[in-house]
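See below for the structure under consideration.
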Amino acid sequence: MSDIDKTLEQLLSNAAPRPVPDPKDTAAAREAVRSEWRAVADRRGFRSKAFRFAVAATVLLGLFSVFNGFRVAETELQLVASIQKSFGAIYVLSDQSELTRANDLKSIYAGQVIVTGDDAGIALAWAGGGSMRVDEDSEVEFRDNNTVYLHAGNIYFDSMPSKLVAGTSVGEVGSFEIETDHGVVSHTGTQFMTGVNANELVVRVREGRVDIAGRYYPHTAERGEQVVISGRQRPEVLSISEYGAAWDWVSRTSPAVDVDGKTIHEFLTWAGRELGMSVKYDNDKLEESARTDTLNGQVNVEPGEALRMRMLTAGLEWKYEEGAIYVSNDD
C-alpha cells in the first residue's frame, strides 16, 4: 500500500461510527475520493492542498454515510410479505453468508434473503397484493415491495388469488418483477412459475401473460407456454399443461382457507385455481345447488385432499376430467 493510500485509510479510520451504507455505493465513493486525492497529491503544494482535501473527503464520506444510512434504515423496515404457511427447513441468509434457522418467521422485510431446504416450502401474502410461493431448495432475495431476486430454485406468483385465503390482498396488483442471472420476469395479471439454475431460466404460464426481458432476447409468454432461456440462445417455447406434476409443489404450499359460510362453488373455484383446473357440473340443477349450499370451518390440507373430504361430506361425486374438476351427484 502506498503512503498516500495509508494516509487516506488513517483519516477514514478516525471518522466516528455511522450507519453502514451499501457496499457497492461505498466502493464507488471510496474510488472517487482516492482518484481525486491522487490528482491533488501530484500537484505542487501537496501538503496544504492534500490536508484541505483530506478534511473535505472526510466530510464528504461522512455525509454520504449519513444519507445512505437513512436509505438503508428505511429499506430494512419495509415489509414486503407475510408468511401464511411454511414447512420444512427455512433459513435466513446473513450478510456474512451464514444460514440461520428461521421456521418461526412470520414477516419478510426488504433486504432479507430466504433459503429453503429439502422438502420445504413457503406461502406468502405479498404486501403489494397477490400470493407468492417458494419451492424447496430455493434462494430468494427480497429487494423491495416490487422486486425479488431469484438466485436458485422456483417461485410461483398469483396476482388474483382466491378471496378465501385470509390475509391475501385480492384485486389490482402493482408492479412485480423477478430478477435472475438470465433476465427479468414481469407479471401482467397472471399465474406463473419461474425457475432458475446456473444454466437456464424456465417460465411456465398458467394464466394471463408474462414479459421476459432476457439478457439477449425478449419474449412474452402466453397461457399454456413454457419458455426456456439459456445463454445466448433464442428462447425455446413449448406448449405445456396448466396442471399436473410440474405444478404439484404449488398446491403443496397452498395456505389454509376459510370456508365457513362460503358456498360449495366458491370452495371448488379455489381448489380449481390451486390445481390449474376449471370446474364443471353434471347439470344445471347441481350447479345451482353448489352456488347456494354452504360449508363451514377451515381447510388446512392440500386442495386434492380437501376435495376428497369436502365432497364426501356434501354427498357429491367428483373426478378430474380433461383439465377440469367434474362434479356430479352420488346417486
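Taken together, the values in this text are just the output of simple stated rules run on the coordinates, not laboratory data. Owing to the predicted nature of the structure, the values given are computational and were not obtained by experimental measurement. All Cβ positions, glycine included, derive from the backbone under ideal geometry; neighbour counts span all protein chains shown.
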ask   = How about segment 80-135: which trypsin sites (Lys or Arg not before Pro) there are in a DSSP loop, with at most 13 other Cβ atoms within 10 Å of their Cβ?
value = 106
request  = Compute the length gained on full extension between residue 222 and residue 326: take 0.36 nm times their separation in residues and subtract their Cα-Cα distance, giving the result in nm to one decimal.
outcome  = 34.9 nm
task = Might you report the magnitude of the Cβ-based charge dipole of segment 72-214 about its Cα centre, with Lys and Arg at +1 and Asp and Glu at -1, to the nearest 20 debye?
result = 580 debye
key: Coordinate range along principal axes, alpha carbons of segment 83-168, Å, largest first   = 39, 25, 21
message = So, R0 is 35 Å and r is the distance between the beta-carbons of residue 211 and residue 163; what FRET efficiency does that work out to, to 0.05?
response = 0.85
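Using the Kirkwood radius built from alpha carbon pairs, what does the Stokes-Einstein equation give as D for segment 216-258 at 25 °C and 0.890 mPa s, in µm² per second?
Values: Rh = 12.7 Å.
Here the translational diffusion coefficient equals 194 µm²/s.
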query = Which entries of 163/285; 85/285; 106/319 show an alpha-carbon separation above 31 angstrom in the structure shown?
reply = 85/285; 106/319
request  = In nm, give the distance between the simple-model label positions of residue 237 and residue 282, each being 7 Å from the Cα along the Cα-to-Cβ direction.
outcome  = 4.2 nm
task = Between residue 305 and residue 263, take the C-beta separation as r, use R0 = 22 Å, and let me know the FRET efficiency to the nearest 0.05.
result = 0.65
key: Ranked by how many other beta carbons lie within 10 Å on average, peptides 142-153, 209-220 from highest   = 142-153, 209-220
inquiry  = If you average the C-alpha positions of segment 203-243 and of segment 142-160 separately, how far apart do those two centres end up, in angstrom?
reply    = 16 Å
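With charges only on Cβ, +1 for K and R and -1 for D and E, what is the dipole size of segment 175-331 about its Cα centre, in debye, rounded to 20?
Working: 16 positive and 27 negative charges, 105 e Å.
Using only the charged Cβ atoms, the result is roughly 500 debye.
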request  = Would you please state which residues of segment 274-305 a label at residue 87 would reach in this model, taking the label point 7 Å out along Cα→Cβ and a backbone N cut-off of under 13 Å?
outcome  = 300-305
ask   = Quick one: if you take sqrt(5λ) for each eigenvalue of the C-alpha gyration tensor of segment 167-293, what semi-axes come out, biggest first, whole angstrom?
value = 34, 15, 13
